[in-house]
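Have a look at the structure below, then the notes.
The values are calculated or read from the model by the stated rules, or taken from the named source; none is laboratory data. Fair warning: this is a prediction, and the values are worked out from it, not measured in the lab. Please note: Cβ atoms are built from the backbone with ideal geometry, for glycine as well, and neighbour counts cover all protein chains shown.
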Amino acid sequence: MTDFDIIAREVSGYRTRFEAIEKRLVEVEKVNARLEDAALITARALQEISGHWNAVCEAMRRRDESQLVAERDYQGQAYAAGATSRARLSASGVRGLSQDSGEEEVSLR
């Protein structure tokens, strides 16, 4: 056997290995393309979910602010109503709460 025959035999063995590697590479490229598509779909879905959560958080923040405003208004109205009631009672001669005990003391002048 000559050197040429030995080299030809070695090269022909490499050829079948290269063909197998090329087939596997084509399969890997297909899988890679599917994985890239799945990654894009996942990223879009996460972006959409994030947008929904941002909207939920914003709505909750607005509701919290409006509740604070409503509570402030309610407390202000309750204070004003209490002051009006105390003024009416005072004008009619009825005293309100006792300073010492905190219990309601009603008396006529």
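Over 43 Å from the mean Cα position of the chain (by Cα) and assigned to a helix (DSSP H, G or I): does that describe residue 30?
Criteria not met by residue 30.
If residue 16 meets every condition in (1) loosely packed, with under 10 Cβ neighbours inside 10 Å; (2) at pLDDT 95 or above apart from one, which number is that one?
Here residue 16 meets the rest and fails (2).
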